[in-house]
Amino acid sequence: MLGADRTWSPEQVAELFGDHYGDNRSRRFLGRDHGLVEFFWERAGGRWAGTHFSVQAHRLRSGGPETVNRVIRDRYGVFPGPVTFDEVAALLAARDVPLVEVPYPDEIRTYWQPAARIMVYVVAGADYGQAGDLYRVASSSTGIP
């Protein structure tokens, strides 16, 4: 995400995305919401160690322009609404980036991109929005889909 990944500290992420965020913090865990993008850490050895990040694409359905962080808008432009999986799959296929469908026990279809260790979640039923819309993209700290 603009060069940031799960290894970045909370301070580094805030330096990139700015000070406008919401924290979900406990003594052991920290989740930081930068609108469309969230980063997560776990306290280890007295410091925050990154576990993963996610892009909450489903927020594009109901959020206004401010849902997308200013830094992301400046780089990629305005996100006018939901993004479809077909759009994403076509872009990845054009770059020879494979996705492998993996089972998921809900009205969501999931795809694994092993080289990037990324999961792609796609709406498959009415409970999560419009079928075919991108729901979420998340990194994995474990490499296990």
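Miscellaneous remarks
- Total residues in segment 50-86 satisfying the condition of being in contact (Cβ under 8 Å) with a residue 24 or more places away in the chain and of a type in the set (Asp, Glu): the figure is 2.
- Checking each residue in segment 13-24 for being exposed (fewer than 14 other Cβ atoms within 10 Å of the Cβ) and either of a type in the set (A, V, I, L, M) or at negative phi (or both) picks out 15, 19, 20, 22, 23, 24.
- Candidates 28, 47, filtered to the one that is open to solvent by 60 Å² or more (accessible area, probe 1.4 Å) and in contact (Cβ under 8 Å) with a residue 24 or more places away in the chain: 47
- Residue 33 being among the acidic types (Asp, Glu) and surrounded by 13 or more Cβ atoms within 10 Å (Cβ to Cβ): yes
Condition check ((1) touching a strand residue (DSSP E or B) at 6+ places or on another chain (Cβ under 8 Å); (2) among the basic types (Lys, Arg); (3) more than 26 Å from residue 109 (Cα to Cα); (4) surrounded by 15 or more Cβ atoms within 10 Å (Cβ to Cβ)) across all residues:
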position	(1), (2), (3), (4)
40	yes, no, no, yes
65	no, no, yes, no
71	no, no, yes, yes
79	no, no, no, yes
82	yes, no, no, yes
85	yes, no, no, yes
90	no, no, no, no
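- Within segment 109-140, considering residues that are touching a residue at least 40 places away in the same chain (Cβ under 8 Å) and either among the aromatic types (Phe, Trp, Tyr) or outside any strand (DSSP E or B) (or both), the one surrounded by the most Cβ atoms within 10 Å (Cβ to Cβ): 135
The values are calculated or read from the model by the stated rules, or taken from the named source; none is laboratory data. Predicted model, so just to flag it, every value in this text is computed and none were measured. Positions of Cβ are generated from backbone atoms using ideal geometry, with glycine treated the same way; all protein chains shown enter the neighbour counts. In case anyone asks, the SASA skips ligands and DNA or RNA and just uses the protein heavy atoms, side chains included. Shrake-Rupley method; radii C 1.70, N 1.55, O 1.52, S 1.80 Å.
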